[in-house]
Every structure is written in C-alpha cells, then in structure tokens.
Amino acid sequence: LVFRDLVVFIAQLQCTLLDIYAILQYVEILYPLLNTLPSHPILTNPNWMGCFTNNTQVCEVLYFTGVPVWLVHREEFIPPTMNIVQLV
C-alpha cells in the first residue's frame, strides 16, 4: 500500500509542477505578447499544446502570438479569404 501511495504522490507532484511551468511560460512569454500584439505572426512554439476555439478574434490573437490554434467552425461560416491547410 505504501508504494501505491508513493506513485500517486509522484503523479500529483508532476501535475502540479507542470501547472507551475505552464503559468510561468504564460507570464514570461505569452502575457507580454497579448498586451502588445505583434504586427506580424511570430513563430509557433512547438512545445505548447495550443488550443481549439470557435471565435475568429481569439484565433487571430493567438495566431499572432505564436500559440498553436485550431479554429472550429462549420464550413459555411469560414470566409473565402481564410487560408485553410486541411479540412478535418
């Protein structure tokens, strides 16, 4: 029973450390970019998971700050000027 408790403790510790790391990344990298939006998109950080959104304004802001983002919309609501790499 002690070994199982240790495994659970380590898993909870890993989860907490990953949460802290994510908050630090947000504060150090993303928050300053959100306050002063770049004039052109910056390179996407391949280490970030990214997000899904159905809001085009949120999608644009995250795209310009280098966050991987997926826009979820029905096909008829996507403007013809939008660059679509692949429909899913």
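Is one or more of the residues making up segment 52-64 in contact (Cβ under 8 Å) with a residue 24 or more places away in the chain and at negative phi? Yes; the residues of segment 52-64 include at least one that is in contact (Cβ under 8 Å) with a residue 24 or more places away in the chain and at negative phi.
Looking at segment 52-72, which of the residues that are of a type in the set (S, T, N, Q) and surrounded by 12 or more Cβ atoms within 10 Å (Cβ to Cβ) is nearest to P32 (Cα to Cα)?
As a first pass, look at segment 52-72 and keep what is of a type in the set (S, T, N, Q): 53-57, 65.
This time we only want the ones that are surrounded by 12 or more Cβ atoms within 10 Å (Cβ to Cβ), so: 53-56, 65.
Working: T53: 21, N54: 24, N55: 21, T56: 21, T65: 9 Å.
Only one residue fits best here, namely T65.
Applying the criterion of being over 10 Å from the mean Cα position of the chain (by Cα) and under 17 Å from V88 (Cα atoms) to the residues of segment 60-76, the residue that is modelled with the highest pLDDT is V72. On the stretch given as segment 70-88, residues that are free of Cβ contacts under 8 Å to residues at least 12 places away in the same chain and not in a loop (DSSP other than H, G, I, E, B) total 2.
Just so you know, in segment 1-32 the residues that are among the aromatic types (F, W, Y) and more than 22 Å from the chain's Cα centre (by Cα) include one that is farthest from N47 (Cα to Cα), and it is F3.
I'd like the full set of residues that are surrounded by 10 or more Cβ atoms within 10 Å (Cβ to Cβ) and under 11 Å from the mean Cα position of the chain (by Cα), limited to segment 33-51.
Of all residues in segment 33-51, those surrounded by 10 or more Cβ atoms within 10 Å (Cβ to Cβ) come to 33-34, 37-38, 41-42, 44-45, 48, 50-51.
Across segment 33-51, the qualifying residues are T44, N45, W48, G50, C51.
Residue under question is V67, and the condition is that it be of a type outside the set (S, T, N, Q) and free of Cβ contacts under 8 Å to residues at least 12 places away in the same chain; does it hold? It is false that V67 is of a type outside the set (S, T, N, Q) and free of Cβ contacts under 8 Å to residues at least 12 places away in the same chain.
The values are calculated or read from the model by the stated rules, or taken from the named source; none is laboratory data. This structure is a prediction, so every number in the text was calculated from the model and none was measured. Neighbour counts run over all protein chains shown; Cβ positions are idealised from the backbone, glycine included.
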